[in-house]
Structure formats: C-alpha cells, structure tokens
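Notes follow the structure.
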Amino acid sequence: MRVRLRAQPTGYEIKIGAGTLGLLGREARRSISKHARRVVIVSNPRVFELYGEQARANLRASDFAVELFLIGDGERYKTLRTLEAALNLFHSVGLERSDAVIALGGGVVGDLAGFAAATYLRGIDFIQVPTTLLAQIDASVGGKTAVNTRWSKNSIGAFHQPRAVLIETETLRTLPARELTAGWCEAVKQGAVGSRQLFLKTYDFLSHHAFDGEGLKSESQSGQSRRASQLAQLIAAQCSFKASIVAGDERESLKRTDGRSRRILNFGHTTAHALETVTRYRRFRHGEAVGYGMLVAGEISKGLGLLDISELEYLRAAVRLTGRLPRTSDLDTDAITGALAHDKKSVGGQIKWVLLKALGRAALVDGREIPRTLLRASLRAVLQTKPQ
C-alpha cells in the first residue's frame, strides 16, 4: 500500500506492508542524491538485533557504505548529549552533503535521527523505517524532529521531511504489549480528531482483535493473513489522515485555528508531555501518556459543555481497548499543572488546548477559557482512578 505526502518541496511516498524492509536499498537509491556513497543507520540495540543486519545487507547490496549509531531505548535518551554523539559519529565516518541517515526504530530513534540529519551540514537526507506502531502511524509521518530537555519534551527541534517512509508491518510481531498499547492510543487520538469514520474503523479493529503481540501467531494461517491485511489497511488510513493534515499545514501555523490545523494532532499531548516530564520520561511510553491526556481533554471538553457524555464514554471505551496503562494515582496534581505551564505549544503565554466537540470534530481552546478548578478536577478524575 502507498500513501503520498505532498509536503514541500517535493513530497514523498509512504510504503506499507510486509516485505518493505527488503526494499530499503532500492528506495534509498531512488529517493536520495544519486551521488550518495555512505549512509548511517541510527537505531537502538534491540531493534538492530532483530532487523539491523537485514537493513545493512540490503543497503550494501545497493552499493552503500553503511555505518551504525545506536542509542538507548526510551525518551530519556532523546537528548542534546545523544544528538552531539550522533553528529560526532557522522563527522568521524566522513558523511557528506549527498549522503543520508536511515532511522530504523521507533519514535525516539526517528526524532533523534531526523533532527541529527536536519542539523548536520545544515541538512542532509534521511529515510524513516519505523518499527513500532506509534512511529508507523504518527511519528515517522510529517517531518517533526526534536530532542527533549529538562524543562519540557521536544522543546528543541526542526521540521525536516524524510525522503521516504518504509513501514514494515512484520515488525509489529516482535513488539512488547506496551508498545502496541502506546501505538493504539495514538491511533485512537487521530480518529478522535480526524474523522468519525477513522475513529470507528480503529475502534472496530480493536474490538475484534486482541492485538497483544501473540495474536497473529495464535490464529490459523488464513486468520493471520486476513488480520494482517486489515491492519495494513488501517495503518494506511491513519497515515493518509495525517498526510492530509501535514500537506495543508506543514509548519503548524499559529494563524490556523480551524479543525484542519496541524495543531489538532496535539490532542492529548498537553497533559501527556506534563506526565512524561514529571516522571522524567521513565514511567510512560509516549502513547500511554497520550491515552491519559485524551481522557483529561475529554473531561475538560465535557466540563465546558462542548462534548456530550455519550461521546466521552465512547472515547473512554476506545482507550480501554488499547490495553492497560501505567498507574498515575501517586502523581502530584500540583507538579503536573506546573509542568503544563512549560508546554511548548503555548502562544502568548497561554496553552492552546485541543478539545472535542464530538468524535471526529476537534476545537482549539485558549487556556484562559478553562477554569483552574475544572482543569484540576479533570486531572484528578482521570489520574486518581485506577487503570482498567
């Protein structure tokens, strides 16, 4: 399956399905400079152990010299220190303006590799090969790259579009359950703000398939094939939605306040980033934090009279279907509200919340319109409740 993202200046293609990793060398030759001689694979040890040698062999078969940079697994490794180490490696192996970076891994790897490519020699090509569900439907599409700092998540970064995205669906077989939960939370998010049809398609898939990492293996061969096909179609639908938003608002214009602004993709992320910050990126997978963030935003939407309780219940049910989320009952509400104040999406000193009018209909709301009592009550209602 293919999705075309028409971002500036040339756009690029997203290829989805089993076997796409085997196209890496050919796609690299097709999409980056014809003068490219060398590439650096950025990955983490676990992913490289599973898929790295295949990727490296495929690139060498297309006459690339291949170097490797491995980073730790988790958001706490997406730092300026890791970025500097990557740039030092690029320099030491002689990476040139015509060469490229290959991001082989999840969202952390993609963000770090993309930002390194954006800054090295003022910008070189890179290709995304996302191996987690979250990265496949969200992080690898759209060109946002960044690193975290002590004060907030993704606070230093750049827009740098990849030259190609190869989504190998077979990598989902080796994901831990938590990584799948994180990815499904992002899928629910995109449906909730994108279209009711996409939300229902995601909800239906989750309702019928307990995709826990063993599910595909435990079914009959025909059952596996059918579900794999349905999964690829759903990933393509998710990518198509995000591609349409990015094409219309690539740089997340502050002038846009409509329901097709790229800022609607931040639904659930305001609280999520605060949760990640106060726990020092050690408790939550990003998508898990987004799961909680969506529920908080849903509570606020209901409290403001924007969202009907039946719609909120539907959203809650969808988040439950994604899997069990980490505990939050021990977290301090004051610390979370303090972290919210440093949200990178603030404009004029105020957070711009993404809320819901209905499933599939997002609204951008100035933080001044949300009473502090409602914010704190919404945080407590969601975070002080034991995970289902």
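The values are calculated or read from the model by the stated rules, or taken from the named source; none is laboratory data. Fair warning: this is a prediction, and the values are worked out from it, not measured in the lab. Here Cβ is always computed from backbone atoms with ideal geometry, including for glycine, and neighbour counts include all displayed protein chains.
Worth a mention:
Conditions tested, residue by residue: (1) more than 24 Å from Ala236 (Cα to Cα); (2) at pLDDT 95 or above.
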| position | (1), (2) |
| --- | --- |
| Met1 | no, no |
| Gly11 | no, no |
| Lys15 | no, yes |
| Gly22 | no, yes |
| His35 | yes, yes |
| Val42 | yes, yes |
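- Residue check, Leu89 assigned to a helix (DSSP H, G or I), in contact (Cβ under 8 Å) with a residue 40 or more places away in the chain and either surrounded by 15 or more Cβ atoms within 10 Å (Cβ to Cβ) or not assigned by TED's automatic domain parsing to the domain that holds Trp151 (or both): yes
- Every condition in (1) modelled with pLDDT of 95 or more; (2) surrounded by fewer than 20 Cβ atoms within 10 Å (Cβ to Cβ); (3) under 18 Å from Arg262 (Cα atoms) is met by Ala135 except one, and the failing one is (2).
- For segment 332-347, the criterion of being in the same structural domain as Thr277 (by TED's automatic domain parsing), part of a strand (DSSP E or B) and not basic (Lys, Arg) is met by at least one residue.
- Within segment 40-82, the set of residues being of a type in the set (Gly, Ala, Ser) and more than 24 Å from Thr149 (Cα to Cα) comprises Gly52, Ala55, Ala57, Ala61, Ser62, Ala65.
- Matching residues in segment 79-92 - criterion: being closer than 19 Å to Pro45 by Cβ and either in contact with a strand residue (DSSP E or B) (Cβ under 7 Å, 6 or more places away or on another chain) or modelled with pLDDT under 95 (or both): Thr79, Leu83, Ala86, Leu89
- Of the residues screened, Ile300 is not one that is among the β-branched types (Val, Ile, Thr), under 26 Å from Leu200 (Cα atoms) and without any contact (Cβ under 8 Å) to a residue 24 or more places away in the chain.
- Neighbours by Cβ (under 7 Å, 6+ apart or cross-chain): first from segment 114-138, more than 25 Å from Leu50 (Cβ to Cβ); second among the polar types (S, T, N, Q) and surrounded by 24 or more Cβ atoms within 10 Å (Cβ to Cβ): Ala118/Thr145
- Qualifying residue in segment 67-75 (condition: in contact (Cβ under 8 Å) with a residue 40 or more places away in the chain and in a helix (DSSP H, G or I)): yes
- Hey, Val108 crowded, with 24+ Cβ neighbours inside 10 Å, more than 13 Å from the chain's Cα centre (by Cα) and not assigned by TED's automatic domain parsing to the domain that holds Ser229 or not: no
- The condition (being within 27 Å of Gly107 (Cα to Cα), in contact with a helix residue (DSSP H, G or I) (Cβ under 6 Å, 6 or more places away or on another chain) and either among the basic types (Lys, Arg) or assigned to a strand (DSSP E or B) (or both)) is satisfied by just one residue among Leu321, Leu315, Leu356: Leu356.
- Looking only at residues of segment 268-284 that are among the hydrophobic types (A, V, I, L, M, F, W, C) and crowded, with 21+ Cβ neighbours inside 10 Å, we find that the one that is farthest from Ala377 (Cα to Cα) is Phe284.
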